Amino acid sequence: MSNPATPPAVGVLDDRPPLTFPPGFLWGAATAAYQIEGAAAEGGRTPSIWDTFSHTPGRVVAGHTGDVACDHYHRLSSDVALMAELGLRSYRFSVSWPRVQPGGAGPANAEGLDFYSRLVDELLAHGIEPWLTLYHWDLPQPLEDVGGWPARDTAARFADYTTLVADALGDRVRYWTTLNEPWCSAFLGYGSGVHAPGRSDGADAVRAGHHLMLGHGLAVQALRAARPAAEVGVTVNLYPVTPASDAPADVDAARRIDGLANRFFLDPLLRGSYPADLMADLAGVTDFGHVRDGDLATIATPLDLVGVNYYSRHVVAAAVEGAEPEPYWRSPSCWPGSEDVRFVTRGVPVTDMNWEIDAPGLVETLRRVHEEYTDLPLYVTENGSAFVDSVVDGRVDDADRLAYFDAHLRAAHEAIEAGVPLRGYFAWSLMDNFEWAWGYTKRFGMVYVDYDSQVRIPKSSARWYAEVIRRNGLAAQ
Ligand code: FCB
C-alpha cells in the first residue's frame, strides 16, 4: 500500500459493546464498471448510454466522463492486491455490457470477456469471492437508439448478454446479481433524466421499470439454464418512507412514494404482482398496457438471495404551498403521478450528497424485506457515504465516513439479532470513483484515488474495515 499503516481508528467504538457477526459473514466492497474501469474505447468496447450522456455538455458536473476513471482496466492486478491487503472476503463488481458484447448484439467480444476472466482468476487466487453484477447502468448505446428500456425487446437482449457472461465466467463465479437498482435506471434515467440516457417521460419510466424487471426474470432463467449451481439474485435500492406528520395527507404521500420507490420493485419480484394502490396512483400516467400475460410470473422467477442497497430515508409531505422543486431524486419528475409530494429535510446530519444519515433505517429496511416479503438470504450490496476528504502527510483521516460505516454495521447486526438472515455486507465503495451525474466531485471510497497520478491511498475507514473483517465484528477496545 502506498501509505504507512494507520492504526485502526477505534475511538468511536470505545464506549460500546463489541459485536460479532455470524461465522462466514461475507465482508466485501463494491464498485461498478463505468465508475472505475476507464479504457472506454479499448479492447473492442463500444459506447454505452453513460459515454453518450457524460460527453453531452451540461449533463455531468464539470464535464467529467468515465473515459479514464480509476484506470482499473489497466490496474486490475494491483487493485486486487489492495483488496487482499484489506482482507476483503468478497468483491462486488459489474460487467460492462458493451465491453463483452459490443453494440449489445451478436457474439461475445473475447477481449472484453478476457478482462473479467483475469479479474475473477486474480480474485480467486487471493481467496476473494467474486460477486458479479450483470447490469450497473451501462446499456449499449445502440440498444438505447432503438428504444432503450422502455422498449420490450431490450429485456430479451439482456438475457442473451447474460448467457454470454454465464458461459464464460460461470465456472468460477458463484454469486450473481442481475440488475443494480432498477429504480435508478428507470426513474432517474427515463423519469427525471438526471442519469443516462437523460430522457424525461413518466410513462417511459414506468415501462422501463417493467422491462428492466422482465429482463431480470429472463436473465435469471438464462443463468439457471447455463449454470444450475449459481446463486442468483437482484439488487434493489430501498428506503424507509416516513410521513412528515401524522396528517392523513402526509401519510398518503408516504404511501405513494413507498409505492414508487420500494413496492414497484419488491412486489413484482417477490410476489409476482404490482400493488393495486400503486397502479391506481399511476392511472393518469399509464394504463399498464405494456404488461403482457406471463410477464409477472417471469419477473418472479425464484431467486437464491436478495441484495439491498441502503443509503438514507425518505421523509415526505403532501404538496406544500410555494415549495421549490428540488433536484436529483427529490425532483418531482422522478415520481410520476405523485409530482405534488414534497421531500422534507429534517435537519439531521447529512453526507456530502446531502443525504440524511439514518442508520436505524437500515434495520427497518432489512426487517421489512424479511418480514413482509421473503425468507431468502439478504445481503447489503451497497452502503456508504460521500464526504470531502483531504490528504495530509500522505494520509486521509475520514472520521465521518468511518462513523457512518460503524453506525450502519451496528444496525446490520441489530437486524441479524431481530431474525433477518443477513449474510453479507458490501461497503460502497472500494475506492473513490465516477459518481454518475456528480462526476469525480463526490468521494465514496474507503480508498482515496488521486485522479492525476492514479495513486491509491487507503483511508482510515479502510484500515478500520480491515480490522472489522479480521475480527468478524466491531470491537470495543
Ligand atoms: C448507488 C449506485 C452506486 C453509487 C452509489 C453512491 O445508487 O448503485 O453506483 O453511485 O449509489
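The values are calculated or read from the model by the stated rules, or taken from the named source; none is laboratory data. It should be emphasised that the depicted structure is a prediction, and the values quoted were computed from it without experimental measurement. Positions of Cβ are generated from backbone atoms using ideal geometry, with glycine treated the same way; all protein chains shown enter the neighbour counts. Keep in mind that these areas ignore ligands, DNA and RNA; they rest on the heavy atoms of the full protein, side chains included. Shrake-Rupley method; radii C 1.70, N 1.55, O 1.52, S 1.80 Å.
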Next item on the list: In square nanometres and to one decimal, what's the mean projected area of the convex hull around the Cα atoms of segment 398-477?
Entry: 6.4 nm²
Item checked: By accessible area with a 1.4 Å probe, ligands and nucleic acids excluded, highest first: order of Glu42, Glu181, Glu85 -> Glu85, Glu42, Glu181
Note to self: Compute, for segment 255-316, the length of the dipole vector about the Cα centre, with Cβ point charges of +1 (Lys, Arg) and -1 (Asp, Glu) only. Units Debye, rounded to 20.
What the structure shows: 240 debye
Next item on the list: Compare Leu113, Leu409 by solvent-accessible area with a 1.4 Å probe and give them largest first, with all protein chains kept in place.
Entry: Leu113, Leu409
Item checked: Within segment 301-389, trypsin sites (Lys or Arg not before Pro) in DSSP loop having at most 12 other beta-carbon neighbours inside 10 Å -> Arg346
Next item on the list: Quote to one decimal, in nm, the extra length available between Ala81 and Leu124 on full extension: 0.36 nm per residue of separation minus the C-alpha distance between them.
Entry: 14.3 nm
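Can you tell me the length gained on complete extension of the stretch Arg16 to Glu111, counting 0.36 nm per residue apart and subtracting the Cα distance?
29.2 nm
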Margin query: So if I average 1/r over every pair of distinct C-alpha atoms in the chain and take the inverse, what Kirkwood radius in Å does that give?
Written below: 22.4 Å
Checklist line | Label zone at Arg292 (point 7 Å along Cα-to-Cβ), backbone N below 19 Å, segment 199-220 | finding: 204, 206-220
Note to self: Can you give me the solvent accessible area of Arg463 with a 1.4 Å probe, rounded to the nearest 10 Å²?
What the structure shows: 40 Å²
Note to self: Over segment 18-471, what is the relative contact order in percent, taking alpha-carbon pairs closer than 8 angstrom and at least six residues apart?
What the structure shows: 17 percent
Check: Using only Cα atoms, what is the ratio of the radius of gyration of segment 129-176 to 2.2 N^0.38 Å?
Finding: 1.29
Next item on the list: Please report, largest first and rounded to whole Å, the three semi-axes of the ellipsoid equivalent to segment 97-198, where each semi-axis is the square root of five times an eigenvalue of the C-alpha gyration tensor.
Entry: 26, 16, 11
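How do the peptides 236-245, 350-359 rank, highest first, by the average count of neighbouring beta carbon atoms within 10 Å per residue?
Descending mean neighbour count gives 236-245, 350-359.
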Checklist line | Charged-residue dipole, Cβ positions (Lys, Arg, Asp, Glu), the chain about Cα centre, Debye nearest 20 | finding: 760 debye
Next item on the list: Just reorder Arg174, Arg152 by solvent-accessible area, largest first, 1.4 Å probe, all chains present.
Entry: Arg174, Arg152
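Count the DSSP beta bridges whose two residues both fall in the chain, then state the antiparallel fraction as a percent rounded to the nearest 5.
Around 20 percent of the beta bridges assigned by DSSP in the chain are antiparallel ones.
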Next item on the list: Would you compute, from DSSP H runs of 4+ residues alone, the mean residue ellipticity of the chain at 222 nm, taking -39500 (n - 2.57) per run and dividing by the full residue count, rounded to the nearest 500?
Entry: -10000 deg cm²/dmol
Next item on the list: Quickly work out the Val320-to-Gln221 label distance, labels modelled 7 Å from Cα along the C-beta direction, and quote it in nm with one decimal.
Entry: 4.7 nm
Margin query: Cβ neighbours within 10 Å, averaged per peptide: list 446-459, 382-395 in order, most packed at the top.
Written below: 446-459, 382-395
Check: Just the accessible area for Tyr311, please: 1.4 Å probe, Å², rounded to the nearest 10?
Finding: 20 Å²
